[in-house]
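The next block holds one structure in the form of structure tokens; read it before the comments.
None of the figures in this text is laboratory data; all of them are computed from the coordinates on show. This structure is a prediction, so every number in the text was calculated from the model and none was measured. As a convention, Cβ positions derive from the backbone with ideal geometry for all residues, glycine included, and neighbour counts pool all protein chains shown.
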Amino acid sequence: MFNFKKGELSITIPLTKNLFYNAKLFFKKNGLFLMILILVLLSICSFIVYYLNGLGLSYNDARSHLDIGRRVVEGLKPGIAQLGSVWLPLPHILMIPTIWNDFMWHSGLSGGLISMISFVITGILIYYFLKELGAGMIGRLVGVTIFAANLNVLYLQSTAMTELLLIVTMTAGVYELLLWFKNDNILRLIRAAFFIMLASLVRYDGWFLFVFAAGLISIEVMRKRGYKVAEGIVVLFSTLAGFGIFLWFMWNLLIFKDALYFIFGPYSAHTQQEQLAIAGNLATKGNLLFAIKVYLYSVAYNCNTFITVLAAIGAMVLWLDKKIKTSIKIASLTLLAPLIFNILSLYLGQSVLFIQGLSGNTWFNARYGIVMMPSVAIFVGYLTDKSDKLKYVLVGLMAFVLFFSFINGDAVTIDDARVGSSQKNVSEVSGWLNTNTKDKDGFILIAAASHDAIIFSSGLPMSKFIHEGTGAYWDSATISPDRWARWIVMRTNDLNDTTFKLVSQSKSFKEGDYRLVNHYPFADIYEIKPELVKNLNTRPILGRQK
Amino acid sequence: MIKRSTHNKLTDYFLLFAAFAFSVSILALALRGISGNPTATSGLNDNKWTINGPFELSPERGRFALLYSIVENHSFEFSPELGNFAQPDVAVNNGKYVSIFAPLLSFIAIPGYLIGRYLGISQVGSFATISIFALMNLLLIRAISIRLGASKIAATAAGAIFLFATPAFAYGVNLYQHHISTFFVLLSIFALLKSNKIWSLFIVFFLCAASIPLDYPNLFFMFPIGLFALGRIISFDKLRSRVSIKIALPKLLTIVIMIIPILFFLWYNQNSYGNPFQLSGTLHNAEQISNINPKDLQSIQEKKLLKKEGGQRSAVGFFQTRNILNGFYIHFVSPDRGVIYYAPIVLFGIIGLILAQKRQVKMVTLLVAIMGANILLYSMWGDPWGGWAFGSRYLIPSYAILSIFFALLLTYWNKKTWLYILILPILFYSIAVNTLGAITTSAIPPKVEVLELETLSGIVQRYTYQRNWEFLVAGHSKSFVYQTYLTKYMTPVQFYEILTLSIFTVISSMLIYQGSVTEKKGSLNV
């Protein structure tokens, strides 16, 4: 309805009380569904974008994760033992139902799907976390948006990396813990323990969360009910939350005959870090201030500096808010677990993180800061809620920054994957293998620990490769390659490459039965002399192995 | 304790006049320049005018070159001599040398140039234009602070602090755009505060549009002001059974005023670049026009920066979110540009902001939005140092806003003695640093360039205001008054000491007076 009075055009939209009520009811009923729908669409669109531009598989680790999953269902020696000890097993176990499909394997969707589902659930968890903290609708939506509109999150949720699965399990654990602190409902504690147990099977960040949460639980219960009850509650919590860790020790004991194999084994992070330390590339080890600086840079680059600063203010507002119960404040400390863990592990030399400008001119594991993203989103959502009229300014400024972040495609994780030490351009080697071995009989001898990216990128079936996980095939082929390996892929003269280490000692290699076909930056390709091909086993004749 | 129960308007006017007259005198004393009317063919390219003179950096040269070209050659194209003078901020478009700067500043400074030329000091006249805007900014800060609830004396002190205790001082005595940008921001805020009538909207929308040809990034921090003004035109009423959207038609028509600056901008672009929509900042810089003195380290560094840029340039590509971390560091804590080193006094404004927010002072949201946009924008900028510069010049609009909050802080906490004990030494430090910058040089390299400079020059290079101090003790000052009239009577150091102590005495007197008075209830919102 239009009115024109005293030079003022007035447009009146008649909205009846009933209409308002119905609209409110609709959003109350379907708000969650709408949010999930938006998150799902965002997730799918991102996957498609990164699939089409080929960035989804840029991370070397993404290809390795997919290969591990694939080896469980396909290869010369398929089976659950292929999960190995290099990485914790949950991401690969979750891939098993889909990884058998070649498209799911080579598109990365098998791993991406897990990340995508994790992305959607984390968004919902952030919404409910903020609701439990008493934040209003705008604060909650800001929290979810900050998380979902982060290019690094969108990229990682489109890949087979494990960050999003870690994020969702940790956030779920922390959320359930918050509810337990708030309502003292034991069921919530059990659920928290369950999710933390899952997190402990994704990455070692989860192990720290377990210890950290147990500590906070004991403080809370002792504060309220004394030592005896605290003991009981902590035992209850730890039994379930620590079960994954127990299983991992058992797994290592059963499969590798050493419960600590994952720590001290030849492919463990510890071993790699030791090599880096010897080469003088582990600057954070023993230097707490530098470790803090490096990790905070990583958080700032992953979560956006401005948003991170707002989150720090939000955290202070939360912890200084007199209206918030002490229990809630204690529970919310778990949001800092990833921060403390990463700084500690850098300081102790248990992990490595290169930030361009701080650690030379390269990136490596720059993505580690992304695990703080849910915490950052929650704190920012809370700050927005508490900012009274300034909330609109904050929203405007965040939109301003996000606008430039999208326009310029600023995602440190993509740089980390594409130009940092996390990537290897193995297309030349894998391309050669695809072109020259696809239609020929014979196996390729290769160390998966060093060249998983080549195996993945070659597009060849897993059963074409003899690697460390193929048992008797590997044992035989490294002693007598001329019986098994038509091609050998290895870094010549590099004793870290297990294939070279073993094959270089074999009689046939020493006698020159193999000729160097091509030399590439990341590996060399050897082929058996044509006259010896007839002596090769080209079929998997060893049958089912234990 | 002085009781101001009978508030004397005459005293207020006298104080204002005295403060204004003092500020005019100080700016006049610090104004950079030398006598003469240099021409493109004789003088401008001499070191006397460039490296050692008032046109020490390319932003001043580039804008003056355009001004000169318009007035003397009646053209937007640069002659080869002018192109050489404006290097490296010169672009080649369709075979012509053109300016890469937004043009409005050069136009605004024309009257000053003409008056100066008449008096035989054309450059000084051009620079004085900026000083006039700096003075108007002082008055606007005072006026806005008073309207937001600050006492008059606190508001005046805050204006003077903005002008003399921040890098705004150094950029109020030479040819940069920052004071005019700040003027546009402050005048818009004042117009919105002063009146709800149509004329205020005319001013705001005109300034919003005019800010773009002044300096393109202004668009982003004038945007919140435009949005706020739009809220005066369109209003929502949620009644019991309906929602009413009211649009004030005559006010809506005020937006049309934006056409005037936009048409000017398009006209300039058409005549300069042959395309009304071509932004000068997206043009490629010209190759070297003539040989550069190899001793001119500054030019060498500038050229290197240009080489790095290369490739296709896009307007939004200048702003990268990845730069924010470094940008925050440079603007706030770095020794070469950081606010805590150059203008720590304005940080008290943050406390004023928090108090104002708690007291629900009007327009706090708008002020925070402008400041936020200013800080974020220039933190995303690839060169947060502002090239060779004195302090963080890009944050001058934010210093102005923080000064407003500083006035509110002084008003709210005027009885807290500890605050004054804390403020006075920091005030002295801030004045000392910025007076040093104003009367010496703005050519301070960023820390990242220093190592290379040292290799090139073979001497230790300073990247903080220590460089200004060395310049001063070496017997140099770029003040026009000092160079023309005072060299016989005092050394540059003595000149500096007199200026610093005078400024500190006047401002600290205002602060002490503010701390000693008891405002009559209700007199704050005069």
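In the structure displayed, which of B:LYS152/B:LYS358; A:LYS389/B:LYS447; B:LYS9/B:LYS488; A:LYS389/B:LYS152; A:LYS182/B:LYS358; B:LYS415/B:LYS478 lie more than 32 Å apart, Cα to Cα? Mind showing how you got there, number by number?
Numbers: B:LYS152/B:LYS358 21 Å; A:LYS389/B:LYS447 40 Å; B:LYS9/B:LYS488 43 Å; A:LYS389/B:LYS152 27 Å; A:LYS182/B:LYS358 30 Å; B:LYS415/B:LYS478 41 Å.
With Cα atoms farther than 32 Å apart: A:LYS389/B:LYS447; B:LYS9/B:LYS488; B:LYS415/B:LYS478.
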Rounded to whole Å, √(5λ) for the Cα gyration tensor eigenvalues of chain A, largest first, gives 48, 28, 22
The pairs in A:LYS323/A:LYS391; B:LYS194/B:LYS416; A:LYS293/A:LYS322 lying past 29 Å Cα-Cα in this model are B:LYS194/B:LYS416; A:LYS293/A:LYS322
By the Cα gyration tensor axes a ≥ b ≥ c (a/c under 1.5 gives rounded; else a/b larger than b/c gives prolate, otherwise oblate), the shape of region A:123-279 is oblate
Taking max minus min of the Cα coordinates of region A:443-506 on each principal axis, largest first, gives extents in Å of 30, 23, 18
Over its alpha-carbon atoms, the protein assembly as shown yields an Rg and a Dmax in Å of 34.1, 114
HN-Hα couplings for region B:16-21 via Karplus (6.51, -1.76, 1.60; θ = phi - 60°), in whole Hz with x for Gly/Pro, come out as 5, 4, 4, 5, 5, 4
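Using alpha-carbon pairs under 8 Å, 6+ residues apart, how would you state the relative contact order of region A:427-535 in percent?
Values: 166 pairs, mean separation 27.8, N = 109.
It comes to 25 percent, rounded to a whole number.
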In deg cm²/dmol, rounded to the nearest 500, the helical mean residue ellipticity at 222 nm of chain B, built from -39500 (n - 2.57) for every DSSP H run of length 4 or more, is -18000 deg cm²/dmol
When the charge dipole of chain B is computed with +1 on Lys and Arg Cβ and -1 on Asp and Glu Cβ about the Cα centre, the Cα farthest towards its positive end, among B:ILE260, B:ALA168, B:THR156, belongs to B:THR156
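For region A:402-546, just say rounded, prolate or oblate: build the C-alpha gyration tensor, square-root its eigenvalues into a ≥ b ≥ c, call rounded for a/c under 1.5, and beyond that prolate if a/b exceeds b/c, oblate if not.
Details: a/c = 2.31, a/b = 2.12, b/c = 1.09.
Prolate is the answer for region A:402-546, as a/c is 1.5 or above and a/b outweighs b/c.
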The base-10 log of I(q)/I(0) that the Debye equation returns for region B:8-78 at q = 0.13, 0.23, 0.25 Å⁻¹, one scatterer per C-alpha, is -0.55, -1.01, -1.11
Spelling it out for B:GLY36: with amide H atoms placed in the peptide plane at 1.01 Å from N, the residues 5 or more places away or on another chain with amide H under 5 Å from its amide H are B:ILE121, B:SER122
Ranked from fewest to most other Cβ atoms within 10 Å of their own Cβ, A:SER508, A:SER463 fall in the order A:SER463, A:SER508
Gyration tensor on Cα atoms of region B:436-526, a ≥ b ≥ c root eigenvalues, a/c under 1.5 rounded, else prolate if a/b beats b/c, else oblate, says oblate
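Taking N as the number of residues in region A:112-212, what is its Cα Rg relative to 2.2 N^0.38 Å? Let's see the in-between values first.
Values: Rg = 13.6 Å, N = 101, 2.2 N^0.38 = 12.7 Å.
Expressed relative to 2.2 N^0.38 Å, the Cα Rg reads 1.07.
If you take the C-alpha gyration tensor of region A:321-436, multiply each eigenvalue by 5 and take the square root, what semi-axes do you get, largest first, in whole Å?
Values: eigenvalues 278, 92, 30 Å².
Those come to 37, 21, 12 Å.
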In whole Å, largest first, the alpha carbons of region A:243-348 cover along the principal axes 54, 36, 21
From fewest to most C-beta neighbours within 10 Å, the residues A:TRP100, A:TRP474, A:TRP105 line up as A:TRP100, A:TRP474, A:TRP105
Long-range amide H partners of A:ASN518, meaning residues 5 or more apart or on another chain whose placed amide H is closer than 5 Å, are A:ILE525
If every Lys and Arg gets +1 and every Asp and Glu gets -1 at its Cβ, then about the Cα centre region A:427-535 yields a dipole, in debye to the nearest 20, of 200 debye
per DSSP, antiparallel bridges as share of beta bridges in the protein assembly as shown, % nearest 5, sits at 75 percent
Measuring from its Cα centre, the protein assembly as shown shows a charge dipole (+1 at each Lys and Arg Cβ, -1 at each Asp and Glu Cβ) which, in debye to the nearest 20, is 4160 debye
Counting Lys and Arg as +1 and Asp and Glu as -1 over every other residue whose Cβ sits under 13 Å from the Cβ of B:MET510, the net charge comes to +1
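For chain A, with only Lys/Arg (+1) and Asp/Glu (-1) charged at the beta-carbon, what is the dipole magnitude about the Cα centre, in debye rounded to 20? Please list the in-between numbers first.
Values: 48 positive and 34 negative charges, 362 e Å.
Roughly 1740 debye for chain A.
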A correct Karplus calculation of ³J(HN,Hα) over region A:71-84, with 6.51 cos²θ - 1.76 cosθ + 1.60, θ = phi - 60°, whole Hz and x for Gly and Pro, returns 5, 5, 9, 8, x, 6, 9, x, x, 5, 5, 5, 4, x
Relative contact order as a percentage, region A:27-418, C-alpha pairs under 8 Å and 6+ apart, gives 20 percent
Under the Karplus relation with 6.51, -1.76 and 1.60 and θ = phi - 60°, whole-Hz ³J(HN,Hα) for region A:520-525, x at Gly and Pro, equal 10, x, 9, 6, 10, 10
Debye calc, one equal point scatterer per Cα of chain B, no solvent, log10 I(q)/I(0) at q = 0.13 1/Å comes to -1.35
